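These notes concern the structure reproduced below.
Laboratory data are not the source of any read-out in this text; all were calculated from the coordinates shown. Note that the coordinates shown come from a computational prediction; the quantities given were computed from them, not determined experimentally. Glycine also receives a Cβ, built like all others from the backbone with ideal geometry; neighbour counts cover every protein chain displayed.
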2 protein chains.
Amino acid sequence: MDRIKSEELKKKICSAEEAAALVTPGTVVGVSGFTSAGYPKLVPGALAKRAESGEDMRLTLISGASVGDELDGALARSGAVARRYPYQSNKSLRAAINEGKIAYADIHLGQLSRLVRTGVFGPVDTAIVEASAILEDGSIVPTMCVGSADTLVQCARQVIVELNTAVPDLTGLHDIYTPQMPPHTKPIPICHVSDRIGQPSIPCDPAKICVIVLSETPDAGGPGTAPDEVTGRIARNLVAFLKGEQAAGRLSDLLPPLQSGVGGTGNAILSELAHSGMQGLSLYSEVLQSAVLDMIDSGTVAFASGSALSFTPEYQQKFYENFEEYRKKIVLRPQEISNSGEVIARLGVIAINTAIEADLSGNVNSTHIGGSRLMNGIGGSGDYARNAGLTVFVTPATAKNGALSCIVPWVSHVDHTEHDTDVLITEYGAADLRGKTPYERADLIIETCAAPTFRPQLREYMERVKKECRDHHGIPVLK
Amino acid sequence: MDRIKSEELKKKICSAEEAAALVTPGTVVGVSGFTSAGYPKLVPGALAKRAESGEDMRLTLISGASVGDELDGALARSGAVARRYPYQSNKSLRAAINEGKIAYADIHLGQLSRLVRTGVFGPVDTAIVEASAILEDGSIVPTMCVGSADTLVQCARQVIVELNTAVPDLTGLHDIYTPQMPPHTKPIPICHVSDRIGQPSIPCDPAKICVIVLSETPDAGGPGTAPDEVTGRIARNLVAFLKGEQAAGRLSDLLPPLQSGVGGTGNAILSELAHSGMQGLSLYSEVLQSAVLDMIDSGTVAFASGSALSFTPEYQQKFYENFEEYRKKIVLRPQEISNSGEVIARLGVIAINTAIEADLSGNVNSTHIGGSRLMNGIGGSGDYARNAGLTVFVTPATAKNGALSCIVPWVSHVDHTEHDTDVLITEYGAADLRGKTPYERADLIIETCAAPTFRPQLREYMERVKKECRDHHGIPVLK
């Protein structure tokens, strides 16, 4: 076991069941993991078995972001989790949350670590983190994400490490920098996407590592969705808009760093950028998807900073096999840094996130269907939207095969306000909302972004607003 | 005229009418001013006369924040303004905006300067700034605010200075630091409220100063509202909450810097803090009100950083007479710095802002009545709310002498989302919403913050939500 550099720590290897037995019911458990990358895969299963055998676990579970089904799915189905923060995208967990069986609150990913340190969720009893190596001093080299593992390890009473040899030793990929708490906070000294400001492993007192579990289970990994007709058109509208801003002198010839949300639209945008002829781009994002490796290969992307690598199994292999080359052009940071408003603002990041629906004021719903059904969560979109140099939201103009308009008079849940939405883009066009009045924004969104079939009824709504309201600044909910 | 240190510039003194004649209709005019402090008072009147005499001025007017009636009122009533950014609180202007006669858009005050530099509002043709002195190199010492004067001067083609001798020479009060644009941005090196990082005057090429107008008109000044029964109870609930957080170890014994909004509730909070026995507090805020001087006198406040001094005439005199002492404990910064998310987050500021209404999810309406009538604007509340170490919103539980509840099922306009509201406080109590589910938040807000007379109908709404919704995460608008 040459991935454990400390002889003392080698003695702490045990089974997943023995490790899970160390977790006390009713406590706060923090886990590594960020979008199906870098999460512990064996101990959670053993914890689930305790719950299935009738033990009342009532755990509060805190991760970086969403995690794989072996963790969120298994624990949700077993009933082991009472409370869950700050984000999720698991079918079983989502169902339990929407049934009111698991308490959940959305937290901005960039603010999670600070809240954990402040003690808002109570003391963290156990941290369970996946590692690709453990160094002599007890410090932990993560696998395919950092997430909030740095802070969870720092705050936890005890640390369980899952050492995963399905992943090579990834030393040199991560840049661990954990801010102090006010009044001792200093500037986060990142001025370029590629700046490394911390150390390659998560500091950990070896005495806090109670056990080590050996694992060979690969990450479930992220989706490899190919662009479809609609996401392709959205991506082309985005790239055309950015080129227009460059031509007008409002964006520099070398674009500022880009942040792009996860999923099909995100992949389509990356794909379109790869074919745009642009070279030397940089990414300052939270999740880096498979397409990023191709963009690095082609020179489209010169450097990519994130908190997780959410690759398909095929791209995981490609990354592992060429790790020494890729690690010169990729850095993984704690989510407190990848999603730091300070750094995002300083770099002038162009933030591109997906909306579930957007309204005529420019408000965006990222989280709920019909105001009461949670989809995934706000994730890091707010960290970026609120602090970016340019904030873009993208959405298909319609959902349910064209039956529903994603442009509505009023969103059923507001995650990002009109004040933060600079540009709204659908497959029909890009609406630049900056400096526009509420009525100007509404007209522009209808004529540019809405599907033509829904424009007449949206125009009718605005006609009613203009006629029925005594005051004319803002678009209310009409009966 | 010993306030003008350059002999060349002394030759540029002219009348307000001559200065106003230099402004070209249809252009963008930027003015100094932030909450009835430090705004030009003579040239705007002369501009208004041009409009009153029938000239089609169609100006786009950009200020730091709200300004006095001699500026916003006069120009609005004369019809000289076509577009207005980023904030206002003037009766005539508000009426014109709500009638749809003046185009207005709310902009986060901390983001205004960046947007001006980017060119989102078009090129700034003329900057009209109030000064207490003009130095040999052409640089401008502001009066009672900085606002966005630094950036407006930097971007303007020509600069008109109103040199105001109703104010003493305030050299040494201001700290002018204007960030560069990405990719050249560096950390803003403020780690303590009292850190001075820039220079005492606004850099300006003397050739850009086209004329200088002499003025002796004092600032209209801010309100001196005494706490009433309700705001006093809100303030006591806030201080009790903060002390509870200190006792629980979630806030340090010496509180982090405080930000407090303008107006009666803000004054009541400062007054309650002054009587709390706390000493050595610091303020990192945008507007410093009269009460701050008393708090400095008593030692309650050790240092105050802001972008404007909005004092009553009595406190203006007190400040002027003791300027050499007060300037050791007060600094005025550009609003890009006073409202910088980077600095606010680093300092762990406790942000306290007023809501018009708040809803059961924790969303806050700061700007609109009934969704279509603008009151003032979002101002800097979003800059603080989104980045603070602790975000508090305060509101009386009722309005219109108890006839309306300020706690509603759904706010009619969302300025701050549930994700950003940590604590909601009314005269009935403080609801700590952090880490709570939507239903938990709603129940807590009803039982803690709502007026007892409105609790039954709010409980009934939640009963309906729980019964009628198929999913149970989030509080929708029910028919």
Rounded to the nearest 5, what % of the DSSP beta bridges within chain A are antiparallel ones?
25 percent
Between region B:1-16 and region A:278-325, the alpha-carbon center distance in angstrom
60 Å
Once phi is turned into θ = phi - 60°, what whole-Hz ³J(HN,Hα) does the Karplus curve with 6.51, -1.76 and 1.60 give for every residue of region A:374-383, x standing for Gly and Pro?
5, 8, 9, x, 6, x, x, 4, x, 4
Output for region A:193-283: GluC sites (Glu not before Pro) sitting in coil per DSSP, at most 16 other Cβ within 10 Å, listed by number, reads A:Glu216
Please list the equivalent ellipsoid semi-axes of chain B, computed as the square roots of five times the alpha-carbon gyration tensor eigenvalues, in descending order and whole angstrom.
39, 26, 19
Given H placed 1.01 Å from N in the peptide plane, which residues other than close sequence neighbours of B:Leu404 have an amide H under 5 Å from its amide H?
B:Ala399
With x for Gly and Pro, the residue-by-residue ³J(HN,Hα) of region A:461-472, computed from phi through the Karplus equation 6.51 cos²θ - 1.76 cosθ + 1.60 at θ = phi - 60° and given in whole Hz, is 4, 5, 4, 5, 4, 5, 8, 8, 7, 6, 10, 10
What residues have an amide H closer than 5 Å to that of B:Ala304, excluding those fewer than 5 places away on the same chain, when H is modeled at 1.01 Å from N in the peptide plane?
B:Leu283, B:Ile330, B:Val331
Relative contact order for chain A: what percent, with Cα pairs under 8 Å and sequence separation of 6 or more?
14 percent
For B:Ala430, what residues show an amide H to amide H distance below 5 Å, using hydrogens built from the backbone and excluding near sequence neighbours?
none
What does the helix-only formula give at 222 nm for chain A: each DSSP H stretch with n ≥ 4 adding -39500 (n - 2.57), the total divided by the residues, and the result rounded to the nearest 500 deg cm²/dmol?
-8000 deg cm²/dmol
Run through the other copies and list how far each one's label point is from that of B:Glu324, in nm with one decimal, shortest first; the point sits 7 Å from Cα along Cα-Cβ.
7.0
Shortest first and in nm, the label-point separations between B:Met375 and its counterparts in the other identical copies (7 Å out along Cα→Cβ) come to 3.2
In whole Å, what is the distance between the alpha-carbon centres of region B:222-243 and region B:96-113?
30 Å
In what sequence, highest mean first, do A:247-258, A:372-383 appear when ranked by Cβ atoms within 10 angstrom?
A:372-383, A:247-258
With charges set only on the Cβ (+1 for Lys and Arg, -1 for Asp and Glu), what does the dipole of chain B come to about its Cα centre, in debye to the nearest 20?
980 debye
Shortest-first distances to equivalent copies, position A:Gln199, nm, label 7 Å out along Cβ:
4.2
Among DSSP beta bridges whose residues both lie in the protein assembly as shown, state the antiparallel percentage, nearest 5.
25 percent
Which value in nm describes the separation of the simple spin-label points at A:Arg250 and B:Asp169, placed 7 Å from the Cα toward the beta carbon?
4.3 nm
Expressed as a whole number, the average count of other chain Cβ atoms within 10 Å around the Cβ atoms of B:362-368 is 2
Going residue by residue through region A:167-184, the Karplus relation 6.51 cos²θ - 1.76 cosθ + 1.60 with θ = phi - 60° gives ³J(HN,Hα) values, rounded to whole Hz and with x marking Gly or Pro, of 10, x, 5, 9, 4, x, 7, 9, 10, 8, 9, 10, x, 6, 8, x, x, 9
Enumerate lysine pairs in region A:7-215 that are 8 or more residues apart or on different chains, then count those whose Cα atoms are under 19 Å apart.
8
Provide B:Ser307, B:Ser271 in ascending order of the number of other Cβ atoms located within 10 Å of each residue's Cβ, fewest first.
B:Ser271, B:Ser307
Eligible lysines near A:Lys328 by straight Cα distance, threshold 18 Å, same-chain separation 8 or greater
A:Lys318
